[in-house]
Amino acid sequence: MPPSASSQATSVPVRLPALNMPRASYYRDRRWVFAPKKPLCGLRQDAPWSAEREMVLAQLHGERFQDRSPAAVYATLLDEGQYLCSIRTMYRCSNKGRIPRTPRPN
């Protein structure tokens, strides 16, 4: 007599004790199977594009803000109702093209 469909279709929690596997381990391992894949390149998905980065650098290096920190620029622009990016992104953009400093003399 062939096995019935109901005897073959058992749920995962019922089968795990027979395999001597804790239920938490099973579901933890499954989490990695369905996790989104990382992009192949090193760029983040939410990184500002070059046009946006140029807008930020134009504000940071402009005559109006040339002696102010990115946090001060961010606050001033928000007071004026203009949002370019976060403070951290402003710091990242300003440090991206910076020439490495020479070591300080002792």
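Read-outs: derived from the displayed coordinates by stated rules, not from any lab. Quantities reported herein were computed from a predicted structural model and do not represent experimental measurements. Cβ sites come from the backbone with ideal geometry, for glycine too, and all protein chains shown count toward neighbours.
Descriptive notes on the structure:
- Simple label model, 7 Å out from Cα along Cβ direction - ARG68 to ILE87, nm: 1.4
- Whether region 50-96 is rounded, prolate or oblate, judged on the alpha carbon gyration tensor where a/c under 1.5 counts as rounded: rounded
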